[in-house]
Amino acid sequence: MSPEDAQQFSREAQQRLADAEALRRELAKNGQPTRELDKAIENLRQLTNPNFLADTRAAADLRAKTIEGFKDFEFGLRRAMGEDSTRVMLERAGEVPPAYKQHVEEYYRAIGKGKKP
């Protein structure tokens, strides 16, 4: 990853981090458990450091770990809300920004493999 790409990825991760932290505050305010989300947020926080992204293997591993953490959170939240956690979520409509396309595709491939609760 070039230094410019690392900076861009870092800025985007910072925005996603802000979004995740806002969600965490809302959930905590409503008395919802945030343990799984906290883990994913901590991993995402590490991805905001462009220097960390220089090690492509470690960065790829952390991205995968972060995605898995958000998936675990999503499944737990859906289960807590009484939804069928085995139901396949439909893809959202709309274009994915090019900078996120690879990560979105990776996410959908990962959830497409199925996860047993």
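The values are calculated or read from the model by the stated rules, or taken from the named source; none is laboratory data. Not measured: the values here are computed from a predicted model. Glycine also receives a Cβ, built like all others from the backbone with ideal geometry; neighbour counts cover every protein chain displayed.
Could you please let me know if R109 is closer than 30 Å to A6 by Cα and at pLDDT 75 or above?
yes
Select, from E12, E21, E36, the only residue that is of a type in the set (D, E), in contact (Cβ under 8 Å) with a residue 12 or more places away in the chain and crowded, with 17+ Cβ neighbours inside 10 Å.
E36
Just one of the numbered conditions (1) at pLDDT 75 or above; (2) more than 15 Å from the chain's Cα centre (by Cα) is not true of A93; which one?
Every listed condition holds for A93 apart from (1).
Scan the range 73-84 and give yes if some residue there is in contact with a Leu (Cβ under 6 Å, 6 or more places away or on another chain) and modelled with pLDDT of 75 or more, otherwise no.
Yes, the range 73-84 has at least one match.
Of all residues in the range 50-86, how many are surrounded by 14 or more Cβ atoms within 10 Å (Cβ to Cβ), farther than 14 Å from A110 by Cβ and of a type outside the set (F, W, Y)?
Matching residues across the range 50-86 total 8.
Being hydroxyl-bearing (S, T, Y), within 17 Å of the chain's Cα centre (by Cα) and more than 16 Å from K71 (Cα to Cα) is the filter here, so list the residues in the range 17-60 that pass it.
T48
On the given criteria, is R45 in a helix (DSSP H, G or I), surrounded by 14 or more Cβ atoms within 10 Å (Cβ to Cβ) and not aromatic (F, W, Y)?
yes
Look through R25, R16 and report the one residue that is assigned to a helix (DSSP H, G or I) and either of a type in the set (S, T, N, Q) or farther than 19 Å from I111 by Cβ (or both).
R25
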